[in-house]
Amino acid sequence: MLRRLFLFSAATLLIVGCVGDGTDAPAGAEAQGVDYRLGPEDKVKVTVFGEADLSGEFVVDSSGVLAAPYVGQIQVKGMTLREFETAYAKKLRDAEIMRDPRVSAEVTSFRPIYVLGEVNKPGQYAYVSGMTVQKAVALAEGYTYRANESTVEITRSGQKFTLDVTPQTKVLPGDEIRILERFF
């Protein structure tokens with residue numbers, strides 16, 4: 001009995017350790033809906049099962065609002081996809097359009113990233129799931145000769161971070177990546 005209890009406890013600790021608290025989820029997972037938060041310029045595909053007229057693709061406007069036919073406007077900025085599905089279903093129930101709507105949502109186009117500073121072609125680029133700093137720099141046609149290739153400044157949700165660049169340095173939708181100038 002004691003051995004079973006020990007094995008159960010060890011297995012539980014192992015599972016909890018593997019799951020983590022979600023803060024170390026890879027960027028691709030975040031962008032695919034695990035912890036991803038909706039924001040301006042995201043394009044969301046909404047499916048209301050059995051109701052093609054209530055389904056479709058909608059763009060979140062610059063103020064964080066998604067406007068859909070029949071349900072009107074929903075403030076979605078900062079919502080996860082699951083929270084959005086719940087809010088959309090609630091709007092359908094509150095408007096007495098459906099009694100028990102089954103809603104599914106997915107992001108079909110993420111908000112863009114911005115690559116600035118010491119790159120050959122600074123600008124706005126489409127986010128792709130699993131994007132890293134190195135891939136973002138490649139989109140911007142590489143580093144200039146003055147670039148500090150080992151450090152990057154990322155602005156995410158209004159907060160600036162200075163990080164060492166590794167092959168695993170992730171980028172999220174809406175990030176501003178600034179490649180700094182090196183000092184000789």
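The values are calculated or read from the model by the stated rules, or taken from the named source; none is laboratory data. In this text, all values refer to a predicted model and were calculated from it rather than measured experimentally. In this analysis, Cβ positions are derived from the backbone assuming ideal geometry, glycine residues included, and neighbour counts consider all displayed protein chains.
Check Ala67 against each of (1) surrounded by 13 or more Cβ atoms within 10 Å (Cβ to Cβ); (2) of a type in the set (Gly, Ala, Ser); (3) over 17 Å from the mean Cα position of the chain (by Cα) and name the one condition it does not meet. Answer for Ala67: the failing condition is (1). Take Phe84 and decide whether it is crowded, with 20+ Cβ neighbours inside 10 Å and among the aromatic types (Phe, Trp, Tyr). In short, yes. Restricted to the range 142-184, the set of strands (runs of 3 or more DSSP E) holding at least 2 residues that are out of contact with any Gly (no Cβ under 7 Å at 6 or more places or on another chain) and surrounded by fewer than 11 Cβ atoms within 10 Å (Cβ to Cβ) comprises 159-164. Scanning the range 110-141 for residues that are basic (Lys, Arg) and either modelled with pLDDT under 95 or in a loop (DSSP other than H, G, I, E, B) (or both) turns up Arg111, Lys121.
Given the condition within 17 Å of the chain's Cα centre (by Cα) and either of a type in the set (Gly, Ala, Ser) or over 29 Å from Lys45 (Cβ atoms) (or both), answer yes or no: does some residue in the range 138-151 qualify?
So far as the range 138-151 goes, no, none of its residues is within 17 Å of the chain's Cα centre (by Cα) and either of a type in the set (Gly, Ala, Ser) or over 29 Å from Lys45 (Cβ atoms) (or both).
Screening the candidates Arg111, Arg102 for the property of being of a type in the set (D, E, K, R), in contact (Cβ under 8 Å) with a residue 40 or more places away in the chain and in contact with an Asp or Glu (Cβ under 8 Å, 6 or more places away or on another chain) yields one hit, Arg111. Please work out which residue is surrounded by the most Cβ atoms within 10 Å (Cβ to Cβ), limiting yourself to the range 94-130 and to residues that are closer than 16 Å to Arg82 by Cα and touching a helix residue (DSSP H, G or I) at 6+ places or on another chain (Cβ under 6 Å). The residue in question is Ala105. When the residues of the range 131-144 are filtered to those that are among the hydrophobic types (A, V, I, L, M, F, W, C) and without any contact (Cβ under 8 Å) to a residue 40 or more places away in the chain, the one that is nearest to Glu85 (Cα to Cα) is Leu139.
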